[in-house]
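Colleague: Shown below is the structure under consideration.
The values are calculated or read from the model by the stated rules, or taken from the named source; none is laboratory data. Keep in mind the model is a prediction, meaning the values are calculated, not measured. Only protein heavy atoms, including side chains, enter the accessible area calculation; ligands, DNA and RNA are left aside. Shrake-Rupley method; radii C 1.70, N 1.55, O 1.52, S 1.80 Å.
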Amino acid sequence: MAGPAGTLDPDLAPIVVDARMLVGAGTGPREPNLPLVRAAMATALFRQLVTTGHLGDPVADAVEALASDDRSAELVAFASGLGPEERRVLADQVANDAATMASRWPKIPPGWLPRTADRLTVPLAGGRVVLAGVADLVLGAPPVDRASVCLVEIRSAAPTEAHRRARTYLGLLETLRSGAPPCRVATYYSQTGVLDIEELPDEELGRLVGDVLTSIAQRCRSLTEQAA
Amino acid sequence: MTPTTLPATLLPRARGLTDALLAPAAPPPPPGLVGDLCRTFRHNLAETMAGHDGPPVRVDAFTIRTAGGPPRRTRQPEDDEFHWTPRRARRAVGVSAAAKVVGGRVRCPAQGAERAVVELIDDARRGACRPGSLGAWLETAPAGVVAVVVAEATAWATHLVTAVEWHRVGRPVEVGGTDRWWDLVGRPTVGLRSRVDARLTVGPLDRASTEPVATGQARQSFLTALGGRPTPGSRAELGLAALVEVLRRPSGPVPARVVGWWPECGRALVLDVGEELLTSTASAALAAVRDRLGCRKLHALPVACPPGTGSGAGTLSGAVPGASSPGTGTEGWQSGRMRGS
């Protein structure tokens, strides 16, 4: 790790590695689009459902939740600019997501310590590199002597291999953060209600560590070449 | 920054953090030194404020973190306009929720967060909140926003509740509580605000006692949970709590240590409170005040020490390396002990 990252200027902004970068889906902010807005709204509703156990007007609740977060300003602005037909499509999709969620997720017992939008940031190489991710739902207390937490990601698109890698990456972040791997990682698909669950064998985590290091090295080379 | 002292795989993390909080305290700085430090700080602060007028200047961890950032002339007006968001409310509500859990009033963080929000809204409805307060905002916030506040606070409270083995912590312990202020009254007034999540008693107390104990010379450990990850400026942010404490009561017991806990990355910074931490934090606070005043001549600013304050107190001057950029200084950072991965 100290190799490629050691060439970076420590005063510059760190290289942030997230799941998108790992699956080759680019870096930096994304241009708002309809699927992105839908995903954000589904995540907001999922959060509300886990927290309060019920959903009201899904579109209104989701828009209110997004509008309360400065970081979602672009998405909210994009949604506000949609035409009537696009709005109707989005509203139908969000209503479907909400109905599916409500039917699939019972009220989670508070004793399971459910927490949502749990940010994970792991600085490496003196902070020059930061591994970052957000678990949409974490269940269970931090590990005492063995894996004890479950991580859930929510997706509004159809399942892909990238989703599996993304949740494995979250598992890696949790391992680095808490000292033990999660006992399960899962992806919940809001469109269908399918919950894709798996355990994380050590070998898989090990492979992912190699991929992360390769990704960081590539990014370091790219930045070094740009600087030259 | 010294290397990690706890291996990343050491479990449970809460045990290591609790050990750090409750470890026997190092000898406190000599009372004379603390008194000198306080006098010098007041003197330098008064000198910094001389010739300035305007609204009160408030210095808190955020001010220290952002001092040395973009010059004020390039900041946008909205940068200084505060408005509530769920993210900004998460700490206040989350700590209140954690206090309810640790105090045995609720069983888990989610219940604590929900109750904390309900209490805030009730206070607002009874007219017990001032306009612009968190309660006033929550009272008028839509259901979707209130749900996000509860969700954010639940996450914060869960991190705080699970960070420490509370059953090992004796009494008195204070989770949450009001912010502590120290003011230098003048024109304008300067206020230093410290905010810690938990105050634990260490030292000569019997930790097994569950009875409240008179303070005496018992000393306190402060625990503060922070978002993100540690930075070189974190040291001054954490040290502010200790500085405010000694400024408020220069002849009182000096806090034993300040522990910063970053749940997002599972790391902790343990700082023993001594001369070095207090002086470097005071320098950072002065730099933050100057930054707020728009004074950009920190390095050139002569800072006189009153006679007899000693060389240690003199290090509060603007000539302290890194004092101009408390958010990026590194010299003090190296003396902190990092725990966690």
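Colleague: Accessible surface of B:HIS159 in the full protein assembly, 1.4 angstrom probe, to the nearest 10 Å²?
Modeller: Only protein atoms counted, so the area is about 30 Å².
Colleague: Continuing with this model, one more query. If you average the C-alpha positions of segment A:196-222 and of segment B:217-296 separately, how far apart do those two centres end up, in angstrom?
Modeller: 37
Colleague: Per residue of segment B:122-132, what does 6.51 cos²θ - 1.76 cosθ + 1.60 with θ = phi - 60° give for ³J(HN,Hα)? Whole Hz please, x for Gly and Pro, Karplus curve as stated.
Modeller: 4, 4, 5, 5, 7, x, 8, 10, 7, x, x
Colleague: Got a sec? What order do B:ASP291, A:ASP57, B:ASP123 fall in by accessible area at 1.4 Å, biggest, i.e. largest, first?
Modeller: Accessible-area ranking of B:ASP291, A:ASP57, B:ASP123, largest first: A:ASP57, B:ASP123, B:ASP291.
Colleague: Another question, then. Can you put B:PHE222, B:PHE82, A:PHE78 in order of accessible area, largest first, using a 1.4 Å probe?
Modeller: Order by accessible area, largest first: B:PHE82, A:PHE78, B:PHE222.
Colleague: Can you give me the solvent accessible area of A:TRP112 with a 1.4 Å probe, rounded to the nearest 10 Å²?
Modeller: 140
Colleague: Tell me, how many Å apart are the Cα centres for segment A:20-60 and for segment A:140-187?
Modeller: 18
Colleague: Still on this structure: Kindly report, to the nearest 10 Å², the accessible surface of A:LYS107 as traced by a 1.4 Å probe over protein heavy atoms only.
Modeller: A:LYS107 has an accessible surface of roughly 110 Å² with all protein chains in place.
Colleague: Compute the long axis of helix A:58-67 from its Cα atoms, compare it with the longest principal axis of the Cα atoms of chain A, and write down the angle in degrees, 0 to 90, nearest 10.
Modeller: Relative to chain A, helix A:58-67 is tipped by roughly 40 degrees.
Colleague: If the chain between A:ARG30 and A:ALA95 were fully stretched, how many nm would it gain, using 0.36 nm times the residue separation less the Cα-Cα distance?
Modeller: Between A:ARG30 and A:ALA95, full extension yields 21.0 nm more.
Colleague: Oh, and also: Taking amide hydrogens as modeled 1.01 Å from N in the peptide plane, which residues meet the under 5 Å criterion relative to B:GLY228, leaving out close sequence neighbours?
Modeller: Residues meeting the criterion, in which the H sits 1.01 Å from N, are B:GLU264.
Colleague: Interface size between chain B and chain A, please: total buried accessible area, 1.4 Å probe, rounded to the nearest 100 Å².
Modeller: In total, this chain pair buries about 2800 Å².
Colleague: Normalised by the number of residues in chain A, what is the relative contact order in percent for Cα pairs under 8 Å and 6+ residues apart?
Modeller: 24 percent.
Colleague: Each residue of segment A:131-143 in turn: what ³J(HN,Hα) in whole Hz from Karplus with 6.51, -1.76, 1.60 and θ = phi - 60°, glycine and Pro shown as x?
Modeller: 8, 9, x, 10, 8, 5, 8, 10, 10, x, 6, x, x
Colleague: May I ask for the angle, rounded to the nearest 10°, between helix A:202-227 and the longest principal axis of chain A, with both axes built from Cα atoms and the value confined to 0 to 90°?
Modeller: So the inclination is approximately 70 degrees.
Colleague: Rank these by accessible area, largest first, 1.4 Å probe: B:THR48, B:THR231.
Modeller: Result, largest first: B:THR231, B:THR48.
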